[in-house]
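Written out below as structure tokens is the structure these notes cover.
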Amino acid sequence: MSRLTPGQRVHARARRRPAHPRVPSGWLQVVALPGVPTLVSGSVAGRVAYGMLPVAAYLALLDATGSVRDAAVLTAAEGLVGALTFPRKGRLVDRYGRRVLLVLAAVTLVAVVAATGPGALVGAMLLLVGALAPPVTSTVRATWGSLLMGREDLRETGFRLDAGLEEASFLGAPALGGAVAAAAGPHLALVMVGLLLVMAALLLGTVSPGSGSTVRRGRLTRGTHLVGVLLGLGALGQGLVGVTIALAAQRLHSATLYGVLLSLDGVGAFVGLALLAALTRGLTTGRRLGALWTATPLLMLPLAFSGGPVALLVTVTAVGLPVGAMIATLNATVPVLEPPSRWNEAYSWLVTCQNLAGAVGFAVGGALGAGWVQGGPALLAAAVTGLGFAVAGPALTRRLGRLGQG
């Protein structure tokens, strides 16, 4: 048996030495990365603010106008303005750095403080909020891409953690907005939204350098456009699922059931992040997405035939299972498809695709109202998502394959 020379022993020890410090695998390994705790704190602050905003805005407008119709229309207009301006705000962050977040958050805080008095003034200030509120979600996802650069083994885990935090924030934030409005008035709830956005901007500004990118921007790639189409299809389906839930609750004469079922859809997405991550471990990104695209429409079908409350509780939870995992996996492809100089714009555009498609799905389903047969919106959701995923999904998979991520 040959003996190793001293130099060979050094190289052998170096090969055995792990490239990174030994820390627990999975979520804890991601949380141990520098900057992640601050990013998570900023993410939660911003997403709680956005989860509270629709409730606080609606109640403030209802208080100012006295009209449910006017309050609902103006609240929807605020959300639409926000969705349409997200890509432009993301582009500003890409170009000028994180200081843009603080400027936008400060102006938003001034607007919500001024949102009191006549209904016209409150409505105008809330439209300004929609136009100028900082793009928290896109900035958070772009920052995940930066922190996980060079750690491809942890990238999807990081984005699953982000999706889980988003689901958890949006589950509790609407209730928090309603509770604050009931206890101290809707205007104070709006001011709380503004303060949380300022806090989020300050935290996110410390995670990575605030200077703008010096890399030439260019246009978003076709791969990112495909991600937007796929996220939009998923959101469209979820909008139709929301109509199915609303009609089922109406049929059973239970307004309480509507809120419970909506929450269970979010609970299903939260649980699915961990469950499907374990079931699809070891699969390539393309195969994992294929499994999620198959599961999504199939799990919508039982909802169409659920009549009683117990069946609805089970099927709505099941519909949510692939949602969070699919959003996380698709968002994790952006750092592969785009250079860092376009990440904020790309994620802002994806948020717009989701918000607009979800609104369209709910509006189309709601427009037919009682004209639907029982379960009709869920059947349409399954058909649209199944067909759309079958067409757009393979195109994205092929593109990822060419980039070594298929």
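The values are calculated or read from the model by the stated rules, or taken from the named source; none is laboratory data. For clarity, every value in this text was computed on a predicted model and none was experimentally measured. Methodologically, a virtual Cβ is constructed for each residue, glycine included, from the backbone with ideal geometry; neighbour enumeration extends over all protein chains shown.
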query: Quick check: is even one residue across the stretch 142-154 of a type in the set (D, E, K, R) and buried (at least 21 other Cβ atoms within 10 Å of the Cβ)?
result: no
- prompt: What residue, among those in the stretch 207-242 that are under 25 Å from residue 163 (Cα atoms) and modelled with pLDDT under 80, is surrounded by the fewest Cβ atoms within 10 Å (Cβ to Cβ)?
  reply: 209
- prompt: Is one or more of the residues making up the stretch 100-114 closer than 30 Å to residue 276 by Cα and either in a helix (DSSP H, G or I) or touching a Gly at 6+ places or on another chain (Cβ under 8 Å) (or both)?
  reply: no
- request: Could you look through the stretch 259-285, keep only residues that are polar (S, T, N, Q) and assigned to a loop (DSSP other than H, G, I, E, B), and pick out the one that is modelled with the lowest pLDDT?
  value: 280
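Out of all the residues in the stretch 128-167, which are touching an Asp or Glu at 6+ places or on another chain (Cβ under 7 Å) and either of a type in the set (Gly, Ala, Ser) or more than 26 Å from residue 271 (Cβ to Cβ) (or both)? Break it down into steps so the answer makes sense when it comes.
So the first thing to find is which residues in the stretch 128-167 are touching an Asp or Glu at 6+ places or on another chain (Cβ under 7 Å), and the list is 129-130, 140-141, 144.
Answer for the stretch 128-167, where residues must be touching an Asp or Glu at 6+ places or on another chain (Cβ under 7 Å) and either of a type in the set (Gly, Ala, Ser) or more than 26 Å from residue 271 (Cβ to Cβ) (or both): 129, 130.
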message: It is to be established whether one or more residues within the stretch 343-355 are at pLDDT 85 or above and surrounded by fewer than 16 Cβ atoms within 10 Å (Cβ to Cβ).
response: no
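Identify, from the list 368, 298, the residue that is surrounded by fewer than 17 Cβ atoms within 10 Å (Cβ to Cβ), farther than 22 Å from residue 168 by Cα and modelled with pLDDT of 90 or more. Outline the logic, then answer.
On the way: 368 fails: modelled with pLDDT of 90 or more.
After ruling out the rest, the residue left standing is 298.
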- prompt: Residue check, residue 93 against (1) more than 17 Å from residue 194 (Cβ to Cβ); (2) more than 19 Å from the chain's Cα centre (by Cα), all met but one. Which one?
  reply: (2)
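If you go through the stretch 93-108, how many residues are surrounded by fewer than 19 Cβ atoms within 10 Å (Cβ to Cβ) and farther than 11 Å from residue 131 by Cα? Give the derivation first.
The first filter runs over the stretch 93-108 and keeps only residues surrounded by fewer than 19 Cβ atoms within 10 Å (Cβ to Cβ), leaving 95-97, 99, 102-103, 106-107.
Remaining after also requiring farther than 11 Å from residue 131 by Cα: 95-97, 99, 102-103, 106.
Residues flagged as surrounded by fewer than 19 Cβ atoms within 10 Å (Cβ to Cβ) and farther than 11 Å from residue 131 by Cα within the stretch 93-108 amount to 7.
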- request: Please verify whether the stretch 74-83 includes one or more residues that are touching a helix residue (DSSP H, G or I) at 6+ places or on another chain (Cβ under 8 Å), closer than 27 Å to residue 188 by Cα and either basic (Lys, Arg) or not in a helix (DSSP H, G or I) (or both).
  value: no
query: Quick one: would you say residue 59 is under 18 Å from residue 176 (Cβ atoms) and either hydroxyl-bearing (Ser, Thr, Tyr) or over 23 Å from the mean Cα position of the chain (by Cα) (or both)?
result: yes
- request: Return the total of residues in the stretch 278-294 being at positive phi and surrounded by 15 or more Cβ atoms within 10 Å (Cβ to Cβ).
  value: 0
message: I need the full set of residues from the stretch 32-65 which are farther than 23 Å from residue 173 by Cα and in contact with a helix residue (DSSP H, G or I) (Cβ under 8 Å, 6 or more places away or on another chain), in order please.
response: 33, 34, 35, 65
